[in-house]
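Encoded as structure tokens, the structure appears first; notes follow it.
The values are calculated or read from the model by the stated rules, or taken from the named source; none is laboratory data. If you're wondering where the values come from, they're calculated on a predicted model, not measured in any experiment. Cβ placement follows ideal geometry from the backbone for every residue including glycine, while neighbour counts extend to all protein chains displayed. Calculation scope for accessible area: heavy atoms of the full protein, side chains included, ligands and nucleic acids excluded. Shrake-Rupley method; radii C 1.70, N 1.55, O 1.52, S 1.80 Å.
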Amino acid sequence: MYGLVDVGGRYLAIDALNIREAVPFPDSISPLAVNLPGLLGAMILREDTMPLVDCAALLGLSTEVPLSERVVTIVIDADRKQLLGLVVNALQGMISQDRSRCAEMGIVGHGPMLAGAQSFVRDGAVVSILNPPLLFDQPSLPFAVQQDRSCAPLETGPAGNRATCSVAIRTLARPFR
């Protein structure tokens with residue numbers, strides 16, 4: 001199962017297991033003390049700092065969609081506990097695709113491709129598959145470390161111990177036809 005997004009007028013698929021959620025582009029972002037290709041700054045998401053990277057710029061594409069109309073897809077590498085806000089033009093839904101029907105591509109003299117090394121066809125258009133482990137291996141790409149949100153005692157009083165828990169929220173989409 002993949003989340004389908006629009007990046008610079010092209011379809012990009014992200015494995016659903018690597019998408020934590022999607023949120024509207026924030027009203028304000030904070031600049032970071034580094035200048036990296038595609039880095040827009042950082043947003044605050046439920047009191048956590050999340051770096052925002054323009055996916056189109058990262059892939060060498062251009063887009064005319066204003067930032068205020070774009071969407072932040074929170075991509076996660078659960079094994080490394082790393083998160084990144086990937087800014088895309090729009091969400092296009094969810095799609096189920098048999099991995100055995102994916103095409104393989106490469107570029108002579110280059111290592112693995114961030115997107116497009118695997119692809120499939122949908123409605124007569126090529127959909128490139130993003131490689132999340134390779135995304136998090138990009139040199140100088142900032143990421144947030146996933147915080148442990150386990151339950152912890154908050155206070156002890158006459159009523160006994162009180163605890164608070166934070167639950168990860170996932171944005172769900174309808175299956176795309």
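Summary table below
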read-out: Hits in segment 2-25 - residues which are over 14 Å from the mean Cα position of the chain (by Cα) and open to solvent by less than 30 Å² (accessible area, probe 1.4 Å); value: Gly8
read-out: Segment 13-27: number of residues that are over 24 Å from Leu134 (Cβ atoms) and either among the aliphatic types (A, V, I, L, M) or assigned to a strand (DSSP E or B) (or both); value: 1
read-out: Residue within segment 111-122 that is within 23 Å of Pro24 (Cα to Cα), out of contact with any helix residue (DSSP H, G or I) (no Cβ under 6 Å at 6 or more places or on another chain) and at pLDDT 85 or above present; value: no
read-out: Residue match in segment 28-36 (condition: in a strand (DSSP E or B), touching a strand residue (DSSP E or B) at 6+ places or on another chain (Cβ under 8 Å) and among the polar types (S, T, N, Q)); value: yes
read-out: Any hit, segment 60-74, residues being crowded, with 17+ Cβ neighbours inside 10 Å and in contact with a Lys or Arg (Cβ under 7 Å, 6 or more places away or on another chain); value: yes
read-out: Residue match in segment 38-53 (condition: open to solvent by less than 30 Å² (accessible area, probe 1.4 Å), under 18 Å from Ala78 (Cβ atoms), assigned to a strand (DSSP E or B) and of a type in the set (A, V, I, L, M)); value: yes
read-out: Ser166, sole failed condition from (1) surrounded by 13 or more Cβ atoms within 10 Å (Cβ to Cβ); (2) modelled with pLDDT of 85 or more; value: (2)
read-out: Odd one out for Ala56, checked against (1) under 15 Å from Ser128 (Cβ atoms); (2) part of a helix (DSSP H, G or I); (3) open to solvent by 10 Å² or more (accessible area, probe 1.4 Å); value: (3)
read-out: Out of Leu91, Leu84, sole residue that is open to solvent by 40 Å² or more (accessible area, probe 1.4 Å), closer than 23 Å to Ala22 by Cβ and either at pLDDT below 85 or in a strand (DSSP E or B) (or both); value: Leu91
